[in-house]
1. Just to be sure, is Val83 in the same structural domain as Leu317 (by TED's automatic domain parsing), at pLDDT 95 or above and crowded, with 23+ Cβ neighbours inside 10 Å?
2. If a residue must be of a type in the set (S, T, N, Q), surrounded by fewer than 21 Cβ atoms within 10 Å (Cβ to Cβ) and either modelled with pLDDT of 95 or more or closer than 15 Å to Thr247 by Cα (or both), how many such residues does the range 112-156 contain?
3. Given the criteria without any contact (Cβ under 8 Å) to a residue 40 or more places away in the chain, over 26 Å from Arg175 (Cα atoms) and touching a Phe, Trp or Tyr at 6+ places or on another chain (Cβ under 8 Å), does Leu283 qualify?
4. Within the bounds of the range 292-305, is there any residue that is more than 30 Å from Ser141 (Cβ to Cβ) and either among the acidic types (Asp, Glu) or in contact with a helix residue (DSSP H, G or I) (Cβ under 6 Å, 6 or more places away or on another chain) (or both)?
5. Give, as residue ranges, the helices (runs of 4 or more DSSP H) completely inside the range 40-149 that count at least 3 residues that are closer than 25 Å to Asp23 by Cα.
6. Is there any pair linking a residue in the range 229-244 that is in the same structural domain as Gln211 (by TED's automatic domain parsing) to one that is of a type in the set (Val, Ile, Thr), with Cβ under 6 Å and at least six apart or on different chains, and which?
7. Is it fair to say Leu60 is under 19 Å from Phe323 (Cα atoms), surrounded by 15 or more Cβ atoms within 10 Å (Cβ to Cβ), within 23 Å of the chain's Cα centre (by Cα) and in contact (Cβ under 8 Å) with a residue 24 or more places away in the chain?
8. Anything in the range 225-253 that is within 22 Å of Gly128 (Cα to Cα), under 16 Å from the mean Cα position of the chain (by Cα) and either small (Gly, Ala, Ser) or surrounded by fewer than 19 Cβ atoms within 10 Å (Cβ to Cβ) (or both)? List them, or say none.
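The values are calculated or read from the model by the stated rules, or taken from the named source; none is laboratory data. All of these numbers come straight from a predicted model, not from anything done at the bench. FYI the Cβ positions are ideal-geometry reconstructions off the backbone, even for glycines, and counts take in every protein chain you see.
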Amino acid sequence: MNEQRRPVVVIAMSREAFAQQFDGTHLDRVRRCADLSQPELVEDLHNPVHHERLATAELLLTSWGTPSLTDDILDRMPRLKAVFHCAGTVKHLVGDSFWARGIQLTNAADANAIPVAEFTFASIVLAGKKAQFYSREAVASRPPLGVNHPRHPFGTVSNYQQSIGIIGFSRIGRRVVEQVSRLHRSTCWVADPYASREAVELAGGQLCSLQEMLPKVSILSIHAPALEETRHMIGAKELAMLPDHATLINTARGSLVDTAALEAECASGRLNAVLDVTDPEPLPSSSVLWGLQNVSITPHIAGSLGTETFRMTDQALQEMERFVSGLALASPITVSDLEYQA
């Protein structure tokens with residue numbers, strides 16, 4: 001690192017995000033490689049009181065609650081060289097004009113992928129045992145019918161020799177494939193038009209098309225980005241291709257699934273669902289999904305929460321340390337990346 005002059009850094013995010021992601025250890029780490037003024041947090045980049053500070057800023061740490069870096073804001077930071085986002089998606093953060101300024105950008109999506117993949121794998125294992133649905137049945141029927149009852153409605157209970165489908169060989173999807181490969185004699189199918197067969201097989205999966213995958217999986221987990229072309233990529237046609245009692249797991253984005261079509265399939269009892277995200281989010285109280293025993297809904301908790309958010313801060317600070325040391329960013333984001341990333 002350059003010990004002679006440390007670059008000026010500004011931390012700009014909501015007070016809640018700052019309190020959640022920056023403790024004394026993290027602030028000390030920032031100060032070791034950059035010049036951080038008091039107070040450490042800039043909540044409002046439009047406030048004239050910060051004019052002089054922004055005019056000297058070379059580095060910017062952002063997270064939840066940071067406003068879009070419009071031309072007006074960027075004009076206030078003429079010396080800005082790099083933005084380190086301590087969270088996931090940056091689509092709301094930068095526009096077309098950002099890229100023309102030559103500012104480098106990175107995020108903490110890799111760090112955020114870890115808890116999502118962990119949550120998803122846990123959901124897959126529990127779905128194999130139909131645990132989410134039997135727990136709901138236990139509330140409705142005391143004692144519950146149990147797995148050996150002739151009327152139990154959720155399908156085969158097993159994590160052995162299962163056929164599991166993963167849509168999207170993304171940061172998260174890849175990690176899920178690697179973990180699913182630990183299930184004894186189970187097959188993990190991967191549908192992603194951009195993935196290489198070699199990379200999928202190295203992770204423990206088998207590459208195929210979505211149409212090939214759907215009829216043969218007992219559990220389907222979605223990890224595609226939310227783009228215009230992926231909206232409702234799982235609709236009535238795709239759901240109809242799944243076997244009876246298959247379980248759909250969505251920890252990605254609610255818009256990837258046609259909610260009305262899923263409501264129809266789950267209400268009929270033919271399919272089960274584990275939903276950490278929905279469309280809309282939250283679901284209206286009138287949605288039939290709330291009352292179904294074969295549907296589990298959690299309030300978007302798969303991503304980084306609690307102390308998990310420190311992992312994202314750590315990734316952002318690692319990138320900042322690399323930049324200050326004159327090294328290339330490990331995970332730079334380019335304008336073309338945003339075309340296919342969430």
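1. Yes: the conditions hold for Val83.
2. Number satisfying all stated conditions: 1.
3. yes
4. Yes, the conditions are met somewhere in the range 292-305.
5. Counting at least 3 such residues, we get 51-56, 109-128.
6. Ile234/Val257
7. Criteria met by Leu60.
8. Within the range 225-253, Ala252 is the sole residue that qualifies.
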